[in-house]
Each structure stands twice: as structure tokens, then as C-alpha cells.
Protein chains: 2
Amino acid sequence: MFNESMVKRGTERSVIRELFEYGNARKAELGEEAVCDFSIGNPSVPPPPEFAAALREVTERGEHGYSSAAGLPEVRAAVAEYFRTAFGIPMSASLVYMTCGAAASLVILFSAALREGDEVLVPAPYFPEYAVFLEQAGAKLVPVPTKDFRLDLSALRAAVTDRTRAVLINSPNNPTGVVYTAEELRGLARLLEEEDRKKADPILLISDEPYREIVYGAPSVCPMTVYPDTVVLYSFSKSLSLAGERIGYIAVSPACKDAATLFDAVCGAGRYHGYICAPVTFQRAAAACLGRSADVSVYRANRDLLMGALSDMGYSFAPAEGAFYLFMKALEEDDEAFSERAKSLGLLLVPSKSFGCRGYVRVSYCVPREVIERSLPLFRALMAAYRA
Amino acid sequence: MFNESMVKRGTERSVIRELFEYGNARKAELGEEAVCDFSIGNPSVPPPPEFAAALREVTERGEHGYSSAAGLPEVRAAVAEYFRTAFGIPMSASLVYMTCGAAASLVILFSAALREGDEVLVPAPYFPEYAVFLEQAGAKLVPVPTKDFRLDLSALRAAVTDRTRAVLINSPNNPTGVVYTAEELRGLARLLEEEDRKKADPILLISDEPYREIVYGAPSVCPMTVYPDTVVLYSFSKSLSLAGERIGYIAVSPACKDAATLFDAVCGAGRYHGYICAPVTFQRAAAACLGRSADVSVYRANRDLLMGALSDMGYSFAPAEGAFYLFMKALEEDDEAFSERAKSLGLLLVPSKSFGCRGYVRVSYCVPREVIERSLPLFRALMAAYRA
């Protein structure tokens, strides 16, 4: 009687959110200590101090009216200026569209840029909601294997077909924590340029980078600096610890072929999905903190504590270079069974099946340090259970 | 090369937003006094004082993390409690989905409840984005004539077909300002119940009510009290003057057939469009102000001043019982030409063509009083131009 596919999506929910809801329910029932919840990327470090000050100033002005559909002109100008100074990209405010967070950025851009049957290459593992968002745009997610979780250019080249319209990258990566190097991105750019010569229209490089500032080694490289036909999707959820406030943007590279037309399509898709005018208070407050981030050293300390202890226990991982995820090898091939076993001990770890690869779990370490400390005996018990 | 239909939607934009952007550009160029902008429903009265206090308290807590997909449990519970006390509806928190504003409420509910080819009856004139949002759900908007802008039950009955899945009402109405009476709604309910007897599944009554509290006579009736299969779509944009903050909700009547399944579909559609977790600060602050509204007496005074003066000049209108719109008869049949002529005088009035009827303009009087005062000589000049 209703839309069956929506009922299905609503009852399945996302595996991550399912675990998160389970954890909330257990905590409500049995107290905070009932579980060690490593399920969701909900930042635990408070926003940077500048943010609280900016938010206070903005809310005291009491301006809550509509902005233009694409966002407040001064906010779009500030984002463009940030691209100029931070990355040397001659960004124009007219190519910046403020969105209601990362999911909105993805949905709008996919609807704008892709057509029925277009193929999008996505290095696996990947954020599972990509599949939902690409499906709504009528496009096909083509998972491409990675090599030790890094870009595998031969695999990417082999996956290109006549229908390939875009490559979607996510660095720092969710779920692996890998950060692509400048060298890796230049290699990808060369590959795309070669393929572009065989095509009427260039392949679009879509860079989903909500974790841009959360890196522990060399800073992230802006892909716009290596390849012209690039669109950056950004969210302030992770950098400013604002996951619940839904604020981000789409920035189309000025070097993109038909950039203005793509931006028109972005405006059309925003309208189509009911997404015009991102929340204005957070547009203003976020624009005052461009390039700032929560105290990443806390995440680094969490990572070091967790990774050190788990290594000692015999666990292994993908290179944890950024974001706040450890991608840990499960102790059996069936990652769902492994996750269930961990859950029975009170450890909430997301099985890798939903990320498009098998045999791993994602451990979100954006949690209070005491949760990590409390979890260590449980991880030890989990290891012991498999060794028994 | 991109999605053509999105490019088209992006370049056409909405007529209302087009006028709003034009007004902003003129003001930026020539100063505030360059135009009298009656184009958009951007509340001019500040939020009620309780709101500023609630927002201060919420922001000081500094909690910006994700909520559950459907919203914060305490906020959903507060909305359910409000339905119980204000309308006597035994609402459950499990049937309340917090959304990122009215547009999100519409998009999500349409995707959830409607299937390809379903017909939705909409009394005309109506909010033009309904057409865009129904189209994305694959459904067909069937405009139904009204009688002096009130529900015309014979016309509605004549429009029912085998494919009729829902009736979409909007009271207080945008663009007319009409508020449906309890008697009118009971008549509609009787009609639907008669038609339901001929169908396997009941027709859904979708009530889009962002203007619920902005009424100048008898208060609005909750349609859930007269018809079981009802879904209420709400936004705090107008009542709390938060148009730019994007916060609202979907409430499925507990009396709705298969209410829980419809709610699952709502969750699925929220996910599909990337809409999970409405902005949490505004979830919390709005929940603290349920049933409150900005000072409606200011809008009433605006209406009285404008309507009185325009009547004296010889203009006529739909009954201005609620919301903050005067639906004014154009001085020629071609409302677009009339709007252009008004624009040349600096008066921004939205032509009725985009609302699905001809020969009128919408005058949004949620503006500072001085704009109305400044506009009166221009309205007089407009009338004189037609009488000349």
C-alpha cells in the first residue's frame, strides 16, 4: 500500500545505525557501562573554542530567516576564499553550494551529475550509504578492489567502461583510516586524463572529504590541485564536531568542464530533494571556523592507545593515518559472526560486509578515553575466545 | 553531460525564489528602499522570547552530536505529548519523525507513501514546489478547483479515480490565506470515507500545516481529529520565525491503517534522500517551544493596514484568515504581465500562475510595517496605470 522499496530501506536501516540504536537502548536500560560503543562516527572531542564563540555571536544576532537557495552570499564567499588561500584553487563563490551535511552533499551531487545507468567507480571498502545515494540517482556503484587499502590503479583502469561517469574517493577514508598521498592522487589523475582522451566528456572525480582535517601524518591534498574535473563534497560534522547539525557544502572546481552548468544542475537537484537553504545559524558559525578543527591530538592519543594495546594482543589493521577509524582484521572470515561475538561481550564493532569487503570490522575510536580503557579487557576476552 | 532535468530545474528555479533573489540584488545595488519585496514567506517578526532563551540554554550545553535517524527520543516524545494535550490525539513518539523543515517533510512523506503513477488531489491554488516534490516521488499532482478558495467537495469527488492515493491540503493556505473550518474538514472526511468504502486501501489525507498557529479567527482544526488516515507535516519555520533553520516533523496518525509500516517507509525515505537526523540544536530548541508562536498580532496589523488601504484603492482578495499572504486579484487576466508591471514600479508580487491558477498575485505581508507604508503609493500608482 505504501512504497515497498522505502518500507524495505526503513526496516533494514543501516547496519551502523542499527548498532548505534542497540547501544543507546542498552545504555538506557543498563547504564553507560553496559557497552563499549565503537559503532558510529559521532565526534567525542568538543568543537574548537572559536566555534562556541562564533555560535554565541551568531545566535545573539537572532537572524533565522531564509538564505538564498545555495546559501548565504557571505558564507559562499568565505568558502571560496578558503579554497584560494588553503589550496591555491581560484574558487568562485558562484560554484559553492551550502548543504545540509555530507549526506545532502552526496545526494544532491549524484542527482545533479549522474544519469540513469551511469557507472561510478568506488574503491572498496567504502561508506555503505554511497550505495543508497547512488541508487536514488539511478546510477550504478562499481566497487573497485584496493591494494592494502590504497588506490589500485590497474584495478581502476580495468573497471573503466563506456558508462563510467565518475570516480568517487574518500580520503581520509571511512572505514579504513587510510589517507591518499599526493603521489597516489597524481597517479589517479594521470589515469583519468588518459581515459578522458577516449571519451567525449571527462570522468568526474568526486572527492568526499568530511575527514579532511583529521590526519596524523602529512596533510590531505586537495584533489582539485591535481585533476580539473573535480567536485569536493565537504561536511563540518567531523572537523568541527557538529555531526548532528547537518552543515556542509559542494564545491565545483572552476577548471571543471561546463562548471556553471554542473552548478545549475546542483541547484536543480537541491530543489528536487527539498534541500534549499542549509541551516543558516550553522552556515554562519561554520564559516567563521573554516580550516579549524577539534583537537585532533585527542583522537591521535585514542588511536595510539587502542592500536598499541590491540597490536600487543595480536590484532592487525589497515594503516590508521586519518579519520577516527581502525579497520581491524576479524578473527574469522565471517565478519558479521565476529561482530556478533564481540557484541555478546559488549563491544559494538561494525562488520565490514556493509562496506563492500569481508573479514574486517570498523572500530570508531572517537569515543571518551575511558571507553577505550574499559574495552581493552573485552578485546582481550574476544581474542581469547577465538584462541580457545 | 549532466542530468538534464536537474539543469532545467536549476536554471528555471522557482518563481518565488527568482523574485526574492532579484529583490536582494536590487537592495544590494540601490539600497533597502529600492524595492518593496512581498515575494517570500520569510517571517519578519522575531521568534517568541521563550525561543531565544531555549536556544541559549541548548547552545550552552554544546551538544552537537548525531541524534537517532528519526530524531532525539525526548524531542519525539515532546511532539507526541503536544498532540495529546493540544488536539486529543493519542500520538506515539514512535510515529513522529523529525525533519529538516517543511520541504524535507513533503519529500520524505511523498517518497514513503506514494508509488509510481499514484494521483494526489490538490486544491488549487497551491504551493508550487508540491509539483516538484510529487514528481520526484513519481506521483501525479491533480489540481482540483476550489470555490471562492474554499474546498469544493463536488470537484474533489469528481476528481477521484482508481489511482487516487491521497489528498493534500494546506490550511492556513499558501498562497490564499484561507483557513479551512471544522465543518469543511468534516465534509472532506465524509467524502473520503465514502470513497474509501470503494477501495482496498483508504485515501491518505496529507495535511501540510506550517502556518498552523498563524490564524486571525477561529484556531485551526487538526485533521487527525476528523479522519483516521491522516499524516501531518509540520515546520517551525513560520510559527517560530525559523525559516532558515530547517526544522519540522512528520506525524503519522495512530489511527492510520498500517501506521507502523508507513512510519518504516518514512524512515526508509529519509535515508534514501540523505535526511536522517534533523539539526539537533534546533530539534531541542523547537521542542521547548511547542505550540508557541511569534507575535501574530504584528502580522494581523500588517494585514489590516495593507488590506484596508488596498480595498480603498479598489483591489480585491481571497478571505485573508491566516498565514501571512494576501491573494490579490490582478488588474488584468495575465498575472505574469501584472507582476512585471508591478515590478517595474518596485513592487515584488508573485504571479498566481505558479500556484496553479490565473489572474492573481500573492502578496507576502510578513515584512516590516514600513515596507507596507512605503508600498501604498506604489500600489496606488499601479492601479492608476491600469485605469489610465
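The values are calculated or read from the model by the stated rules, or taken from the named source; none is laboratory data. Quick caveat, the model's predicted, so the values are computed rather than measured. We place every Cβ from the backbone using ideal geometry, glycine too, and count neighbours over all the protein chains shown.
For region A:236-274, a residue qualifies if it is of a type in the set (D, E, K, R) and more than 7 Å from chain B (Cβ to nearest Cβ), and the qualifying residues are A:Lys238, A:Lys257. Are any of the residues in region A:324-345 within 14 Å of chain B (Cβ to nearest Cβ) and either under 22 Å from the mean Cα position of the chain (by Cα) or touching a residue at least 40 places away in the same chain (Cβ under 8 Å) (or both)? Yes: one or more hits. Checking each residue in region A:20-39 for being surrounded by fewer than 23 Cβ atoms within 10 Å (Cβ to Cβ) and under 24 Å from the mean Cα position of the chain (by Cα) picks out A:Glu21, A:Tyr22, A:Gly23, A:Asn24. Here B:Lys199 meets each of (1) away from chain A (no Cβ under 14 Å); (2) in a loop (DSSP other than H, G, I, E, B); (3) in contact with a strand residue (DSSP E or B) (Cβ under 9 Å, 6 or more places away or on another chain) with one exception, condition (1).
Restricting region A:295-341 to residues that are under 30 Å from A:Phe83 (Cα atoms) and touching a Pro at 6+ places or on another chain (Cβ under 6 Å) leaves a set whose member that is surrounded by the most Cβ atoms within 10 Å (Cβ to Cβ) is A:Ala323. Among the candidates A:Gly65, A:Gly10, the residue that is over 26 Å from A:Tyr211 (Cβ atoms), within 11 Å of chain B (Cβ to nearest Cβ), surrounded by fewer than 22 Cβ atoms within 10 Å (Cβ to Cβ) and touching a Gly at 6+ places or on another chain (Cβ under 9 Å) is uniquely A:Gly65.
Yes or no, residue by residue, for (1) in contact with a Gly (Cβ under 6 Å, 6 or more places away or on another chain); (2) part of a loop (DSSP other than H, G, I, E, B); (3) at pLDDT 95 or above; (4) buried (at least 21 other Cβ atoms within 10 Å of the Cβ):
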{"position": "B:Val179", "(1), (2), (3), (4)": "yes, yes, yes, yes"}
{"position": "B:Glu183", "(1), (2), (3), (4)": "no, no, yes, no"}
{"position": "B:Glu193", "(1), (2), (3), (4)": "no, no, yes, no"}
{"position": "B:Pro210", "(1), (2), (3), (4)": "no, yes, yes, yes"}
{"position": "B:Val232", "(1), (2), (3), (4)": "no, no, yes, yes"}
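For A:Val350, the conditions (1) closer than 24 Å to A:Ala294 by Cβ; (2) more than 20 Å from the chain's Cα centre (by Cα) all hold with the exception of (2).
Only one of the numbered conditions (1) more than 14 Å from chain A (Cβ to nearest Cβ); (2) crowded, with 20+ Cβ neighbours inside 10 Å; (3) under 30 Å from B:Leu290 (Cβ atoms); (4) of a type in the set (A, V, I, L, M, F, W, C) is violated by B:Leu156, and that is (3). Checking each residue in region B:259-304 for being charged (D, E, K, R) and either assigned to a helix (DSSP H, G or I) or free of Cβ contacts under 8 Å to residues at least 12 places away in the same chain (or both) picks out B:Asp264, B:Arg271, B:Arg284, B:Arg300, B:Arg303, B:Asp304.
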